[in-house]
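Colleague: There's a structure below that I have some questions on.
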Amino acid sequence: MPLTLVVLTAWAVMFLAANVYVSVRVWRMHGLPTWRRTLPAVLLCAALAASLSRATGTTAIAATIAFPLNVATLLVGCVEIRRHRRTAAAGIPNGTVR
């Protein structure tokens, strides 16, 4: 097995692990509305479904949609985590705006 394939596989596994970590962390933030808590998880599930579409032979969907959905999952999750930290540091309870 070529080294580049091993490096690419390790990068993909780390990227997926980061997406799962961020999605679970946002899911557990009880101060957020339900749709904002579930958005990263829904995006991740859609990305995984698009990636699994390769098994049926429709690689165009996976090539077009899967990676952007994974990036969107990571970005939305990181924004929610950063917003939660900022409101927690400011002392605002449950992320509500005064």
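What follows draws every value from the coordinates through simple rules; no lab data is involved. Not measured: the values here are computed from a predicted model.
Colleague: Relative contact order, percent, of the chain when contacts are C-alpha pairs under 8 Å separated by at least 6 residues?
Modeller: 29 percent
Colleague: Once mean projected area of the Cα convex hull in nm² is worked out from the coordinates, which option in (1) 7.7; (2) 7.1; (3) 9.1 does it equal?
Modeller: (1)
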